[in-house]
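None of the figures in this text is laboratory data; all of them are computed from the coordinates on show. What you are looking at is a predicted structure, and each value in this text was computed from that prediction instead of being measured. Backbone-built Cβ (ideal geometry, glycine too); neighbour counts: all protein chains shown.
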Amino acid sequence: MREVFGIAAGCGISYFSDNIQNLMKTPDQPSSIDRRKVLKYGAGFGLALAWPNSKVIGANEDIRVGIIGVNGRGKSHMDAFAKMNGVRVTALCDCDPAVLDARVNKMADQQKITVQGFADMREMFDGGEIDAMSTATPNHWHTLAGFWAIQAGKDAYVEKPISHNVWEGRQLVKLARKNGKICQGGTQSRSMGSIQAAVKFVQDGKLGKIKYVKGMCYKPRTSIGKGGGGEIPEGVDYNLWCGPANQESPLGRRRFHYDWHWFYEYGNGDMGNQGIHQMDVARWYLGEDKIAPRSMSIGGRLGYDDDGETPNTQIVYHDYDAAPLIFETRGLPSEKKYQEDNWGKNMNQPDEFPGESGISVVVVCEGGCVYTNAGGKVKMKDAEGNEMEAPKAFDTEDIFTNFISAVKSRKVEEQYADCEETHISSALCHTGLISHRLGSQMTNDEILESIKDDATLTDRYQSMSDHLGKNGVKVDEKKVVLGPMVKFNPETEWAEGNGELDEPANILARREYRKPFVVPEVL
């Protein structure tokens, strides 16, 4: 697939121009803070919380871990590290005092050791008794948290996506290499032995040449409501929560927590939330170690009208030279009637493997196809559709244990999900969204005319179009956004060769940071 879409360099400018000035504005200045502070209240909380028979970790072989962002995914980080021999969670950080209080008490009680609590991660890096940092903050904080940890001499585990934009992810990789630090990404599918074995099976050519790989995030996403105006939870340091992002007031969403995923200022939609795992596995199967030279998007936020910005239905086409990587996001159920009844149990399933989960990857090869879901299940079929026995799973560590193993060995190559791997897959989510944000709403016929020279993309779009129709979306009207095929230089990771689209594309590939929460360039 090359320049067959009839989408000239100017396509999407009118759609994008209304927002370009907002993207180029100087960020708001942070609210004044007299000093970087440790959250202190109650009986010594914030300095240390000790329990009977507790011990202070330090002058021994134990690796001390500090975890940032402990309201959601961070709880999994806490449980994983606290259970490991030779590892102790000695510090927690969260800008919500109620959350932090509960988590510090839990960790101190569980481990019977001193646990420190911090509101500001900078204070944890400066004074916390830690050797490594693990972060599960909202996406807009991921890279900067990793950056500050490495600058403070710590190793870093950074949740997926490892970045909020293309540029900053590469800076984190460069800093980790420059400082000789272990930096692991949270794309934990790489630690699953069943998937490792399946990837090797395909890459060894056992099913012939890959025709295309399809990643899917068919995950239920209901409306987040209309009208915004949600409240910031009492006690939350909103300045710290926003960090590199603008301080929005009033809130453009009703629910403060989690719904930030569907706003570009903080999140990356479901493709950069759940979908990054499947994007990573899809790229892994292909064996590609750079971003795609050409990427485009078709989709939108469709089927309901709410405050969210990011697509809930989307196809992203990464046009690698050897074989395309197609990524599909579907947040609506299989039919409109299920929006009122059992939405989550009536999602689409892979065409090639009916009855299986749509949060998965399908590799279509000349000699058959492979199915891999988010839990590590692997199924295979030959070219005639007959089921084949999947290869035996490899023996592996879980992703958190693998991180600690690499921290001990100091061998970057021992990591399952080194930061560069997670960066490239995260960047594929970002480049897909860049195309979407530069696109224009078109009718079904206009989209089909633009992509008619690519049979695979046409087939996948028609499947998406049918899906939307069953959910009451009138695709014959200008509803769906067709993004341009954006050319990227895989070496520099900048948009190049797109004429007047290069500038707006590259603005979207790097954000304006709100001081002092700035990711610096690593030379």
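Summary table
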quantity: The chain - convex hull of the alpha-carbon atoms, volume per residue in Å³; calculated: 151
quantity: Kirkwood Rh and Cα Rg combined as Rg over Rh, evaluated for the stretch 134-276; calculated: 1.05
quantity: Computed label-point distance, nm, for sites LYS178 and ARG73 using a 7 Å Cα→Cβ extension; calculated: 2.5
quantity: Nearest-ten-degree value, helix 275-286 long axis tilted from longest Cα axis of the chain; calculated: 70
quantity: 20 °C / 1.002 mPa s Stokes-Einstein diffusion coefficient of the stretch 171-241, Kirkwood radius on C-alpha pairs, µm²/s; calculated: 118
quantity: Linear extension gain, THR443 paired with GLU384, 0.36 nm per residue minus alpha-carbon span; calculated: 17.6 nm
quantity: Burial ordering of GLU168, GLU421, GLU234, fewest other beta-carbon atoms within 10 Å first; calculated: GLU234, GLU421, GLU168
quantity: Sites GLN349 and ARG410 - FRET efficiency at Förster radius 35 Å, r taken between beta-carbons, to 0.05; calculated: 0.20
quantity: Label-point gap, in nm, between ARG122 and ASP459 - each point 7 angstrom along Cα→Cβ; calculated: 5.4
quantity: Principal axis dimensions, the stretch 302-381 - Cα atoms, whole angstrom, descending; calculated: 42, 28, 20
quantity: The stretch 130-197: translational diffusion in µm²/s, Stokes-Einstein, Kirkwood Rh over Cα pairs, 4 °C, 1.567 mPa s; calculated: 107
quantity: Rounded tilt (10° steps) of 97-111 against the dominant C-alpha axis of the chain; calculated: 70
quantity: Residues in the stretch 289-308 reached by a label modelled at THR492 [backbone nitrogen below 19 Å; 7 Å Cα→Cβ]; calculated: 290-295
quantity: Under 18 Å from LYS336, Cα to Cα: lysines that are on another chain or at least 8 residues apart; calculated: LYS219, LYS345, LYS470, LYS474, LYS479
quantity: Column: log10 I(q)/I(0), Debye, Cα scatterers of the stretch 255-342, q = 0.11 Å⁻¹; calculated: -0.37
quantity: Segment LYS290-ASP321, length gained on full extension (0.36 nm per residue, minus Cα span); calculated: 10.0 nm
quantity: Helix 142-151 axis, angle to the chain major axis (alpha carbon atoms, nearest 10°); calculated: 40
quantity: Footprinting exposure proxy for MET192, MET124 (fewest neighbouring C-beta atoms within 10 Å first); calculated: MET192, MET124
quantity: The chain: calculated mean residue ellipticity at 222 nm from DSSP helix runs of at least 4, using -39500 (n - 2.57); calculated: -9000 deg cm²/dmol
quantity: Separation in nanometres of the label points that stand 7 Å from Cα toward Cβ, at HIS257 and LYS200; calculated: 4.1
quantity: Gap separating the Cα centres of the stretch 243-276 and the stretch 371-440, nearest whole Å; calculated: 24
quantity: Cα-based shape type of the stretch 262-301, given that a ≥ b ≥ c are square roots of the gyration tensor eigenvalues and the cut on a/c is 1.5; calculated: prolate
quantity: Solution diffusion estimate, µm²/s, Stokes-Einstein, the stretch 332-490, Kirkwood Rh from C-alpha pairs, 20 °C, viscosity 1.002 mPa s; calculated: 111
quantity: Rg(Cα) / (2.2 N^0.38 Å) computed for the stretch 408-511, rounded to two decimals; calculated: 1.39
quantity: Cα radius of gyration and Dmax for the stretch 62-144 (Å); calculated: 11.3, 33
quantity: Percentage, to the nearest whole number, of Cα pairs in the stretch 474-523 over 16 Å apart; calculated: 59
